[in-house]
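Beneath this line is the structure, given in structure tokens, with notes to follow.
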Amino acid sequence: MVAGVRLRSGAATDQAGRETNEDTAWASDGLFLVADGMGGHEAGEVASRLAVEVLVERLTGTLPTMDTVTRVVREAHRQVRALPVEGQRRPGTTLTGVVVTEHAGEACWLVLNVGDSRTYRMAGGILEQLTRDHSEVAELVEQGVLAAADAARHPRRHVVTRVLGGGASRVDPELRMFPVSRGDRMVVCSDGLTEVLPDARVQAVLRAERHPRAAAERLVREALGAGAQDNVTVVVVDAVAVTRELGAPEAPDVAR
């Protein structure tokens, strides 16, 4: 854990009427992760749990760089890809979240993403999506082929283009690093939340609920009330206090 940073976090999840919960969450030791598994039967649950376990095992107690996180995510991909295939679908999982690390003597959030689960930051009461969805529909929107307003109803909105496991021999995460500021509220969630609650509603709940656990639990409840049909998982983490090293150069906001 980075010295001088005090965090408070909470998590909530619900299978939303499905037979199993294929989401896996972690919120401890400077690691805040959500993985949304796929593959049918229990394969998705196994895949998401394995991916999170690999990151927790490799990154807990370290101050990882972007290169380190990339290597660990690739290792998680290899291990998920090696899981036995049952039926016609190979096990796979999305993975997103934030790791607290250090750069140039300053505490930083290192955001990672593979797939269409999301990580957000709320600062000054304004919610910002930090990750880019790796999905067919998101790519169509980026290309200007599909209007953003139509994305939520598109029949291929669940088709992801980047996933741990699956058929690709190698998968790289998208990464972003920027300084931790007091008052930052990070939100990590599976698409079971964002499919049914617009960002404006998520922002309103985050403003209304002071404690991160209460915010996570309320977001899950509201997703269920809005008719969620997929597993819903939310992790909320607050930067309660940040003491920066005097004279340290400002950490850059970089992405790859």
Top-ranked residue of the stretch 1-38 - restricted to ones that are among the aliphatic types (A, V, I, L, M) and in contact with a helix residue (DSSP H, G or I) (Cβ under 7 Å, 6 or more places away or on another chain), ranked as surrounded by the fewest Cβ atoms within 10 Å (Cβ to Cβ): 16
Subset of the stretch 160-171 that is of a type outside the set (Val, Ile, Thr) and touching a helix residue (DSSP H, G or I) at 6+ places or on another chain (Cβ under 6 Å) - its residue that is nearest to residue 96 (Cα to Cα): 164
Residue that is farthest from residue 3 (Cα to Cα), among those in the stretch 50-60 that are surrounded by fewer than 19 Cβ atoms within 10 Å (Cβ to Cβ) and touching a residue at least 24 places away in the same chain (Cβ under 8 Å): 56
Selected residue (only one of 22, 53, 42 is among the acidic types (Asp, Glu) and modelled with pLDDT under 95): 42
Pairs where the first residue, in the stretch 61-89, is closer than 18 Å to residue 112 by Cα and free of Cβ contacts under 8 Å to residues at least 60 places away in the same chain and the second is among the hydroxyl-bearing types (Ser, Thr, Tyr) and not in a loop (DSSP other than H, G, I, E, B), C-beta under 7 Å, 6+ apart: 64/101
Filtered residues of the stretch 1-18 (kept if of a type in the set (A, V, I, L, M, F, W, C) and either in contact with a Pro (Cβ under 8 Å, 6 or more places away or on another chain) or not in a strand (DSSP E or B) (or both)): 1, 2, 3, 16
Output for the stretch 203-256, where each listed residue is touching a Ser or Thr at 6+ places or on another chain (Cβ under 9 Å), at pLDDT 95 or above and closer than 28 Å to residue 106 by Cβ: 212, 213, 216, 234, 235, 236, 237, 238, 239
Residues within the stretch 90-135 that are in contact (Cβ under 8 Å) with a residue 40 or more places away in the chain, among the acidic types (Asp, Glu) and surrounded by fewer than 24 Cβ atoms within 10 Å (Cβ to Cβ), tallied: 2
Any chance residue 47 is touching a residue at least 60 places away in the same chain (Cβ under 8 Å) and either within 14 Å of the chain's Cα centre (by Cα) or assigned to a loop (DSSP other than H, G, I, E, B) (or both): no
Filter result for residue 95 (modelled with pLDDT of 95 or more and out of contact with any Pro (no Cβ under 6 Å at 6 or more places or on another chain)): yes
Residues of the stretch 171-211 that turn out to be over 25 Å from residue 20 (Cα atoms) and assigned to a strand (DSSP E or B), as a count: 8
Residue list for the stretch 160-197, restricted to those being exposed (fewer than 14 other Cβ atoms within 10 Å of the Cβ) and within 17 Å of the chain's Cα centre (by Cα): 172
Meets criteria (more than 19 Å from residue 19 (Cα to Cα) and either of a type outside the set (Gly, Ala, Ser) or surrounded by 24 or more Cβ atoms within 10 Å (Cβ to Cβ) (or both)) for residue 219: yes
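The values are calculated or read from the model by the stated rules, or taken from the named source; none is laboratory data. Remember, it's a predicted structure, so these values are computed and weren't measured experimentally. Don't worry about glycine lacking a Cβ; one is built from the backbone with ideal geometry, like all the others, and counts go over all protein chains shown.
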